[in-house]
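Student: The following block contains the structure, expressed as structure tokens.
The values are calculated or read from the model by the stated rules, or taken from the named source; none is laboratory data. Values in this document were obtained by computation on a predicted structure and should not be read as measured data. Cβ coordinates were reconstructed from backbone atoms using ideal geometry, including for glycine residues, and neighbour counts include every protein chain displayed. These area figures cover heavy atoms from the full protein model, side chains too; ligands, DNA and RNA do not enter into them. Shrake-Rupley method; radii C 1.70, N 1.55, O 1.52, S 1.80 Å.
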Amino acid sequence: MDFEAFFKSELENLHEEGRYRVFADIERQRGNFPRATRYTNEGQQDVTVWCSNDYLGMGQNPDVVEAMKNAIDHCGAGAGGTRNISGTNHYHVLLERELADLHGKESALIFTSGYISNWASLGTLGQKIPGLIIFSDALNHASMIEGIRYAKCDRVIWKHNDLKDLEAKLAAADPRAPKLIAFESVYSMDGDIAPIKEICDLADKYGAMTYLDEVHAVGMYGAHGGGIAEREGLMHRLTIIEGTLGKAFGVMGGYIAASAALCDFIRSFASGFIFTTALPPSLAAGAVASIRHLKTSQIERFAHQERVRRLRSMLDARGIPHMSNPSHIVPVLVGDAAKCKWISDLLLDNFGIYVQPINYPTVPKKTERLRITPTPLHSDGDLEHLVGALHQLWSRCALSRAVA
């Protein structure tokens, strides 16, 4: 087989379909979020980032930055090993305590990313619990899907956020089999929110554990940033809450929060935890500072919600179609992969606006979109510049407008 020819042919198909991913070479400007410097062959360009998952700008928060610098001064750069072999730094212990407290759980366990926390936790539970059936929402993240596949246990896919379908599938399963319902709170591409209470009710009825991915909600919702489950007073009803440190908390890493026995079980059996070098102490220290700040400060959350409302209102006024949802994610619908990438390129090159196109397979074909994530630090001028640019490009592309 001509491997090189195969690789090039597959890549060429992506180019032809408008789905080839190009990474923007940017450098975030400390203290000036959401500004960044873009590097190109033609030189440098100042850009405004509109697609960051650093939803609250905490990656630039002075307390977070200072905590990370202090940890490097105290500990050096890396952890020095896996958690089991010399890699458990005191900052890891402090971080797990903060996360357990945030979610009202006995314990927490940190991983190198949210992807790994989902993959390792779901995979280990599915492998180790005899006869476990995992009921997975159809739109769960790839990390959850891969973890369930890795488990090689029985799995049942239920229609997205469809309680009737979930109950029908629970009722049809062996009543003696152990069960786990895996789902997300905020779904990252559409921005819709799961009916957590009703899912917990079904879990109680059918004796199932619950696994809630809150990666796009932690820090963003709830009186202390505990996520949608905290906002709705439901954290105590969930068996496992999974989250990330790399989005609203502005740093890097993933975690689960659950009972002491369950966390210890994952710690003891999950290969994705056991054989991975621990997070650098500086990242753990920054995460501790970020969580502590957002536990007591509502300023960022209130300002963020106001920016989201204002952006949606401005898009409506110009007839720019966007998906209605109750979260902070604003998906602007294009519906064509090539045009979606073209608009994204023009926004970046001509307007200094960086927003990544989201195409298949991340979203279904004909639902291609620009996934916009406003932050508390986007100014009124930033909003006007973004919406004005979209208004111009919508006319150039002859795209349909939303009807008010």
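Student: Are there any pairs, at least 6 apart or on different chains, whose C-beta atoms fall under 6 Å, with the first in region 302-327 and more than 13 Å from L386 (Cβ to Cβ) and the second open to solvent by less than 20 Å² (accessible area, probe 1.4 Å) and β-branched (V, I, T), and if so, which?
Tutor: Matching pairs, first to second residue: S327/V186.
Student: Now, a different point. Scanning region 384-401 for residues that are in a helix (DSSP H, G or I) and touching a helix residue (DSSP H, G or I) at 6+ places or on another chain (Cβ under 6 Å), which turns out nearest to N359 (Cα to Cα)?
Tutor: Of all residues in region 384-401, those in a helix (DSSP H, G or I) come to 384-396.
Restricting the remaining residues to those that are touching a helix residue (DSSP H, G or I) at 6+ places or on another chain (Cβ under 6 Å) gives 387, 389, 391, 393.
Working: V387: 21, A389: 21, H391: 21, L393: 18 Å.
So, considering only residues that are in a helix (DSSP H, G or I) and touching a helix residue (DSSP H, G or I) at 6+ places or on another chain (Cβ under 6 Å), the one nearest to N359 (Cα to Cα) is L393.
Student: Six or more apart or on different chains, Cβ under 6 Å: which pairs go from a residue in region 231-252 that's closer than 14 Å to N61 by Cα to one that's in a helix (DSSP H, G or I) and open to solvent by 10 Å² or more (accessible area, probe 1.4 Å)? Could you list them?
Tutor: G250/G59; V251/L283
Student: Across region 363-392, what is the number of residues that are touching a Lys or Arg at 6+ places or on another chain (Cβ under 9 Å) and farther than 22 Å from R307 by Cα?
Tutor: So the answer is 2.
Student: Could you grab me the full set of residues in region 7-48 that are surrounded by 15 or more Cβ atoms within 10 Å (Cβ to Cβ) and within 18 Å of I372 (Cα to Cα)?
Tutor: The answer is A24, I26, R28, F33, P34, R35, A36, V47, T48.
Student: If I filter region 55-71 down to residues being open to solvent by 10 Å² or more (accessible area, probe 1.4 Å) and of a type in the set (G, A, S), which single residue comes out as farthest from L245 (Cα to Cα)?
Tutor: Selected residue: A67.
Student: Working only within region 163-194, note down all residues that are closer than 24 Å to R369 by Cα and either in contact with a helix residue (DSSP H, G or I) (Cβ under 9 Å, 6 or more places away or on another chain) or surrounded by fewer than 17 Cβ atoms within 10 Å (Cβ to Cβ) (or both).
Tutor: Answer for region 163-194, where residues must be closer than 24 Å to R369 by Cα and either in contact with a helix residue (DSSP H, G or I) (Cβ under 9 Å, 6 or more places away or on another chain) or surrounded by fewer than 17 Cβ atoms within 10 Å (Cβ to Cβ) (or both): F183, E184, S185, V186, I193, A194.
Student: Of all residues being open to solvent by less than 20 Å² (accessible area, probe 1.4 Å) and hydroxyl-bearing (S, T, Y) in region 117-161, which is farthest from the chain's Cα centre (by Cα)? Just the residue, please.
Tutor: Checked region 117-161; the qualifying residue farthest from the chain's Cα centre (by Cα) is T124.
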